[in-house]
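Chemist: Have a look at this one before I ask anything.
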């Protein structure tokens, strides 16, 4: 049984870099996730490269890890980046990008920079059964370790893609989506016909919609009778996704 006791171990350095460096994650096509809860929420057949356990921890879950490694508490703390880490840490492949053949509800993130908000939006999109999510290049990496923890592993179940407005415009046209952007002033979501396939753009609260987003979308606003001008992007996105989540009649592609 292999037990890692040094935080300078090459594999621990690899895990730290996966956790903290987006470019390295993508070059390795791999990421590291902490916790039994995330492990339990992965698809049952999802391959796990390595499973790291706290030395002495009695692990009796069924998983298809290629290798199991044990580590001391300081090593697990270093690898996870958490002050009080779970006794389970996993390394696995990044899920592949790809969108479904039919899309009626597409969430688009524009310049969402906070990983906690990003993770919450991803988790909410899955909870309300939206078909897919698209990340514009201005966003924080959705596989940032904080975003992954906030999303509870939702991107392993929700189709996604990343790119720019040129690519996104083609997707919107292909699926005959009606593009809307959450903004301070705009139409109420209650006025939108539920039969319309929808692309909903949510943006950074501090920056607002980008010029490209404004040029492509109609503004949509949540009625707020109280004395508050705006909402956190994750809260606003959740309200809008819930309001617009009724599934319309499927319109087949040409």
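The values are calculated or read from the model by the stated rules, or taken from the named source; none is laboratory data. Bear in mind that the values here come from a model prediction, so they are computed numbers and not experimental data. For neighbour counting, all protein chains shown are included, and Cβ atoms are generated from backbone atoms with ideal geometry for every residue, glycine included.
Chemist: Does residue 111 satisfy the condition of being under 19 Å from residue 23 (Cα atoms) and touching a helix residue (DSSP H, G or I) at 6+ places or on another chain (Cβ under 7 Å)? So that I can check it myself, show each step before the final result.
Modeler: Values: under 19 Å from residue 23 (Cα atoms): yes; touching a helix residue (DSSP H, G or I) at 6+ places or on another chain (Cβ under 7 Å): no.
For residue 111, the condition - under 19 Å from residue 23 (Cα atoms) and touching a helix residue (DSSP H, G or I) at 6+ places or on another chain (Cβ under 7 Å) - is not met.
Chemist: Are any residues in segment 27-53 surrounded by 19 or more Cβ atoms within 10 Å (Cβ to Cβ) and either in contact with a strand residue (DSSP E or B) (Cβ under 7 Å, 6 or more places away or on another chain) or at pLDDT 85 or above (or both), and if so, which ones?
Modeler: Of everything in segment 27-53, those that are surrounded by 19 or more Cβ atoms within 10 Å (Cβ to Cβ) and either in contact with a strand residue (DSSP E or B) (Cβ under 7 Å, 6 or more places away or on another chain) or at pLDDT 85 or above (or both) turn out to be 31, 32, 33, 34, 35, 39, 51, 52, 53.
Chemist: For the subset of segment 6-26 comprising residues that are modelled with pLDDT of 95 or more and surrounded by fewer than 13 Cβ atoms within 10 Å (Cβ to Cβ), which member is farthest from residue 85 (Cα to Cα)?
Modeler: 10
Chemist: Kindly indicate which of 177, 155, 136 is within 14 Å of residue 217 (Cα to Cα) and surrounded by 21 or more Cβ atoms within 10 Å (Cβ to Cβ). So that I can check it myself, show each step before the final result.
Modeler: Working: 155 fails: within 14 Å of residue 217 (Cα to Cα); 136 fails: within 14 Å of residue 217 (Cα to Cα).
Checking each option against the conditions leaves just 177.
Chemist: Considering each of 150, 199 in turn, give the residue that is within 30 Å of residue 40 (Cβ to Cβ) and modelled with pLDDT of 90 or more.
Modeler: On the way: 199 fails: within 30 Å of residue 40 (Cβ to Cβ).
Going through 150, 199 in turn, the sole match is 150.
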